[in-house]
Amino acid sequence: MSMLVFIILPMLIAAATIAMLGEKLIKSYLIAIAGAAASLGFSLYFLATIFGRSITQSYVWMQFSFGRISVSLTGNNLTLSAAVLVSFVSLVILIFSVFYMDKEPQKRYYVEMSIFIMSMLGLVISGSLLLFYVFWELVGVSSYLLIGFWYKKESAAAAGNKALIITRIGDMAFLAAIIILFSVFGTFSINSILSSTSVLPSYLVFISASLILIAGLSKSAQFPFYTWLPDAMEGPTPVSALLHSATMVAAGAYLLVRLYPLIGAANIGSVIVTLALISALIAILLGIYETHIKRIIAYSTIESLSFMFMAIGTANIGGAIFYLFTHAIFKSLLFLVAGAMAIFFETYDIYDLKNKKLGGTWLEIPAVIGFASLAGLPPFMSFFAHAAFSYGFSMLEETIFIAISFFTALYSFRAFFVMFSRRSQKNLRKSFPAYFSIYILSIISIIGGSLLFTFSSIINIHYSFNVFVFIDVVSAFVGVYFGYAFFYKSEMAGLRYAMRNAADRFNRYKYDRLVYSIGRAFVRLGVAAARFDDGLSSFYSALASGSIFLSSSSKKIQNGDAHTYMIAIFIGLLALISIAAVLV
Amino acid sequence: MSISLFLFLVIPAIGIIWLYINSLIKPRLDERKIVLSAVAATVATFLVGLITGFSGFSISLVSSIDFSFSLGLNSISIPFMLLAVIVPAIGLNSAFKEIKQNATLFYVLFLLIYMSLILLFVSTNLISLFVVWEVTLISVFFMIAFWGEEETRHKASIKFLVFTQFGSFTLLAGFILMFLYTGSFNLFVIRTMIGSVPAWVSYTIFGLVLMTALIKMPIFPLHSWLPDAHTSAPTTGSVILAGLLLKMGGYVLLLFGLELLPNVASIIQVPALILGVFTLLYVSLVASAQKDFKRLVAYSSIFYMALVFIGIFSINGYGESGAVFLMVSHGFIVSMLFVLAGILKEKTGTRDIDKLGGLAKNMPFYAFFLMFAMLATIGVPGMSNFIGEALVFIGGYMTYAFVLFSLAGVLIATNYYISAIKRILFTSLKKELQKVRDISVYDILQLSFFSMFILVLGIVPGILLNSFSVTL
């Protein structure tokens, strides 16, 4: 009997256990790691046993005389391999947390992490939209708590709020979509809805697909919702690593993949691709300009997610999923490297890090692997993923993508060359949790490419190593070379400044300011409404006191003995009852 | 052996008499012990009754016209009874801390309200229903007028009295009309006879009941008594006000509006839904400009009552079930928030959000519960409000798609709640708040009770949903 709920339960139990036990009895991280390992074990077991089939387990949640609401879990190749990915990355990051969060409050951190991981695991194996939404919201809320983990810092608290409120726009769109679908189909089951989308009137297909797209865009930090993601870097680095690789942001793309038949039926592919291209462009411009390493990686996350959206927009689901897996691995690798540097040198600024002389330390090779994966260079896993997700691109999209490849390589290797340009005299401390977690991710990033050829047995996937892929790689290598020349050799200063000015002109705060001014407009509207309401209130107050003065009893109410009143009421009540009793 | 509903009159009444006797004799017993034992006995009776079942009770005064005091369950009694029995009982802890003067009188009032609220939801006769309805309102008026905040209580209590008495007047007028045209005060008799009354009478009755509901719930533009009443009421008063008094409006609307006259309800469905959505968006905007945390909570409770209103006027199973569920869920959550607002004042001396900051450092337990209540109120899944909200939205959308605009209100609510939380709990601790201590064990216990109900209802909503049925 394969109970899919076993994938979720370990993390729930872990959260409860950590919350109940103190730190003294057993280390919190041991419980969390054990939970994640158990989840990984169950995910692998179910993937192996259910492989190639699809099973759904339903539970009745609410039963009415006029209908019922059920929730279900679905196990198939897609959901279970996603569960494997989530639990694996979570496990690695939890191991890294032992190193990174050593001096921080343990209990709160591991409880919140466990709830977060549980929600994400629940999300990927949900078989009903309602349950998907439940976990989707829990992911949002626990990320809000994790981003604002260092709540004493104004910026961290603000970042948590921003993440919650912006992603909640998408949540509400999602809720609206599932209500619309429920009212038509009478069920939340994803399988039943997707198998009968043709029943849906075309305007409802369009509306619900668009709402789901909004949900996906906001969770995946795509234009126009991306502004929460860079700020979310205020959270502890393992949190960033988890949120921005396999989990939270990936949930948006995963939602669209899961509901692809509906999205595909709505013919909004070109909209998705356009929004994704805008996001990629913004990410590049911001990434080139930024000096905070975590924020650079954050912008690259926006870009990587936009690749997945481009693949989805071009109906290439296999490619999107393969890149989602690839991205999860190398992005968490990059964050862990950044986190390790922050622990060693207490800074995230790439120019500060330059002065700390990182070149030649054990972090250098993982960093190369991470940034090369970001740029999609061979022989790393990411190169193969590029060949897969660009399969469905049109001529125009390919051409734009060649430029994107160049700039991606440029800004990622800018960060690398700046940080590692000075050689170090001595190596850094090799803490096992850090070393282990970073190297295991590095190894997968190197050899994972071969998975592409076996992945087709899991998910229907197409790929081709055509001339465009070749041009892409060349373009990326040119980008790496420019990065090397600009930031390692400090050559071609004129070109570098020209580029920097262009990025400067884009001015990263403009859009952010627009978002804020929308928020402020609402506040102003609220103040106006409150003023109106106060006016209404005083009007009524005047009316009320007027009517009281007209009545002669007003003085008694103000001065009267309360006891007398109470006794009168009480005796009246008793009298009524006793009269009644007598009459009966 | 089933529990007679009469016990819910007897037990609190014994408590009241005991309190009076206690005030005359010496040495005096602590009033708190008396009220606690009366409340505990009531809760125990209720719990036993849930297992063994409840039996009705009736005393007829004029039997020919059913002028009687009769108690019995109707199809939606149990959820409201749960609210009426449990919420004031948990709220009692706030009274224990807060009430220093005239304790005997306060607890007499408390028990009187407690008794009449429970009886209200099990009255099957218009006479008994109206009597307990009035007793509740007058007692709450006294509670605000005597134990409210010094500066504002006079104005607020008068406003409360005028508004709610007007609501009682319309309700009474509705009851008289029902009696005149059906010849009975009995709820069940009226239900069978109501089909034969002239159309204009049913419209008038519905209009009068609707008026009462608009005032009590409250719905724009008749809501303005509520923020004032809450701001000046003692914490226990707020708990009773928001946890139960507002629900009386929803209850009579369901019982006499929707179940009795569904055809009239469907005629005014569209304007009612528009009014509901408007109220919801309006109060969420007003709430976002509030500086007083308690006032903010007060406005947000109007928000949820507007959602209940939408659910009721969806006139379908999902909407009605959602409305009832949301009323119960919101009863727990808003009471918890008012208790938390009370603690805020007690510990820091202010509820002004601008004067607070960084309390999570000194008050981790308080921060946990405030965060919990906040997440519950904005409808995070796993907690009870989500179920109610989702059902109301489903029901509302099934009738008119524009109801989904109220989702924007949820968004605004999220925004003002999280920014209030940030300013109260997060960032660095203000200098003048350095000495603030965390909440006591009793407070933790009290808040845990609320949290428990919120979680249980959110995870296993079936236990509540199965306890009532909407007749549609």
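Exactly one residue out of A:87, A:54 is within 25 Å of residue A:260 (Cα to Cα), at pLDDT 85 or above and surrounded by fewer than 21 Cβ atoms within 10 Å (Cβ to Cβ), and it is A:54. Looking only at the stretch B:411-448, residues that are within 14 Å of chain A (Cβ to nearest Cβ), among the β-branched types (Val, Ile, Thr) and free of Cβ contacts under 8 Å to residues at least 60 places away in the same chain come to 3 in all. Considered as a group, the residues in the stretch B:349-400 that are outside any helix (DSSP H, G or I) and within 9 Å of chain A (Cβ to nearest Cβ) include one that is surrounded by the fewest Cβ atoms within 10 Å (Cβ to Cβ), and that residue is B:382. The set of residues from the stretch A:174-184 being buried (at least 23 other Cβ atoms within 10 Å of the Cβ) and of a type in the set (A, V, I, L, M) comprises A:175, A:177, A:178, A:179, A:181. Scanning the stretch A:145-159 for residues that are out of contact with any Ser or Thr (no Cβ under 8 Å at 6 or more places or on another chain), within 8 Å of chain B (Cβ to nearest Cβ), part of a helix (DSSP H, G or I) and buried (at least 24 other Cβ atoms within 10 Å of the Cβ) yields a count of 0.
Conditions (1) closer than 29 Å to residue B:121 by Cα; (2) of a type outside the set (Phe, Trp, Tyr); (3) more than 18 Å from the chain's Cα centre (by Cα), marked per residue:
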{"site": "B:314", "(1), (2), (3)": "yes, yes, yes"}
{"site": "B:321", "(1), (2), (3)": "yes, yes, no"}
{"site": "B:339", "(1), (2), (3)": "yes, yes, no"}
{"site": "B:351", "(1), (2), (3)": "no, yes, yes"}
{"site": "B:356", "(1), (2), (3)": "no, yes, yes"}
{"site": "B:359", "(1), (2), (3)": "no, yes, yes"}
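For residue A:47, the conditions (1) over 30 Å from residue B:325 (Cβ atoms); (2) touching a residue at least 40 places away in the same chain (Cβ under 8 Å) all hold with the exception of (2). As a summary of the residue check, residue B:132 satisfies the conditions (1) in contact (Cβ under 8 Å) with a residue 40 or more places away in the chain; (2) within 11 Å of another protein chain (Cβ to nearest Cβ) except for the one numbered (1).
Looking only at the stretch B:374-389, which residues are touching a Ser or Thr at 6+ places or on another chain (Cβ under 8 Å) and among the small types (Gly, Ala, Ser)? Answer for the stretch B:374-389, where residues must be touching a Ser or Thr at 6+ places or on another chain (Cβ under 8 Å) and among the small types (Gly, Ala, Ser): B:376, B:384, B:388.
Quick grid of which residues meet (1) farther than 27 Å from residue A:511 by Cβ; (2) surrounded by fewer than 22 Cβ atoms within 10 Å (Cβ to Cβ); (3) outside the structural domain of residue A:382 (by TED's automatic domain parsing):
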residue	(1), (2), (3)
A:248	no, no, yes
A:274	no, yes, yes
A:291	no, yes, yes
A:294	no, no, yes
A:297	no, no, yes
A:306	no, no, yes
A:319	yes, no, yes
A:337	yes, no, no
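Can you name the residue in the stretch B:83-119 that is buried (at least 23 other Cβ atoms within 10 Å of the Cβ) and of a type in the set (Ser, Thr, Tyr) and, of all such residues, is nearest to residue B:33 (Cα to Cα)? That would be B:107. If you go through the stretch A:139-167 and keep only what is under 20 Å from residue B:357 (Cα atoms), hydroxyl-bearing (Ser, Thr, Tyr) and within 17 Å of the chain's Cα centre (by Cα), you end up with just A:144. Residues in the stretch A:344-374 that are under 27 Å from the mean Cα position of the chain (by Cα) and in a loop (DSSP other than H, G, I, E, B) were compared, and the one that is surrounded by the fewest Cβ atoms within 10 Å (Cβ to Cβ) is A:346.
Could you identify the single residue in A:413, A:407, A:383 that is in contact with a Gly (Cβ under 7 Å, 6 or more places away or on another chain), touching a residue at least 12 places away in the same chain (Cβ under 8 Å), aromatic (Phe, Trp, Tyr) and under 24 Å from residue A:83 (Cα atoms)? Sole residue among the options that is in contact with a Gly (Cβ under 7 Å, 6 or more places away or on another chain), touching a residue at least 12 places away in the same chain (Cβ under 8 Å), aromatic (Phe, Trp, Tyr) and under 24 Å from residue A:83 (Cα atoms): A:383.
The numbered conditions (1) in a helix (DSSP H, G or I); (2) within 14 Å of another protein chain (Cβ to nearest Cβ) are all true for residue A:80 except (2). Considering the stretch B:284-337, the residues that are in contact with a Gly (Cβ under 6 Å, 6 or more places away or on another chain) and not in a helix (DSSP H, G or I) include one that is farthest from the other protein chains (Cβ to nearest Cβ), namely B:314.
This table checks each residue for (1) within 18 Å of residue B:364 (Cα to Cα); (2) in contact with a helix residue (DSSP H, G or I) (Cβ under 9 Å, 6 or more places away or on another chain); (3) at pLDDT 85 or above; (4) surrounded by fewer than 23 Cβ atoms within 10 Å (Cβ to Cβ).
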| position | (1), (2), (3), (4) |
| --- | --- |
| B:415 | no, yes, yes, yes |
| B:426 | yes, yes, yes, no |
| B:435 | yes, yes, no, yes |
| B:442 | yes, yes, yes, yes |
| B:463 | no, yes, yes, yes |
| B:472 | no, yes, no, yes |
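I'm trying to understand the selection: among the residues of the stretch B:311-349, which are among the polar types (S, T, N, Q) and over 18 Å from residue A:183 (Cβ atoms)? Correct list: B:329, B:335, B:348.
Residues that are surrounded by fewer than 16 Cβ atoms within 10 Å (Cβ to Cβ) and among the β-branched types (Val, Ile, Thr) within the stretch A:185-219 comprise just one, A:199. Does the stretch B:116-132 contain any residue that is of a type in the set (S, T, N, Q), in a strand (DSSP E or B), at pLDDT 85 or above and in the same structural domain as residue B:69 (by TED's automatic domain parsing)? Yes; the residues of the stretch B:116-132 include at least one that is of a type in the set (S, T, N, Q), in a strand (DSSP E or B), at pLDDT 85 or above and in the same structural domain as residue B:69 (by TED's automatic domain parsing).
Of the residues in the stretch B:50-72, not one is surrounded by fewer than 22 Cβ atoms within 10 Å (Cβ to Cβ), closer than 21 Å to residue B:237 by Cα and aliphatic (A, V, I, L, M). Condition check for residue B:138 on (1) at pLDDT 85 or above; (2) farther than 30 Å from residue B:100 by Cα; (3) surrounded by fewer than 22 Cβ atoms within 10 Å (Cβ to Cβ): one failure, at (2). For the stretch A:186-200, the criterion of a residue being in contact (Cβ under 8 Å) with a residue 60 or more places away in the chain, touching a Phe, Trp or Tyr at 6+ places or on another chain (Cβ under 7 Å) and more than 11 Å from chain B (Cβ to nearest Cβ) is satisfied by at least one position. Scan the stretch B:171-191 for residues that are touching a strand residue (DSSP E or B) at 6+ places or on another chain (Cβ under 7 Å) and either surrounded by fewer than 20 Cβ atoms within 10 Å (Cβ to Cβ) or in a helix (DSSP H, G or I) (or both) and jot them down. Correct list: B:187 only.
The values are calculated or read from the model by the stated rules, or taken from the named source; none is laboratory data. Source: prediction; values computed, not measured. Virtual Cβ from ideal backbone geometry, glycine too; neighbours counted across all protein chains shown.
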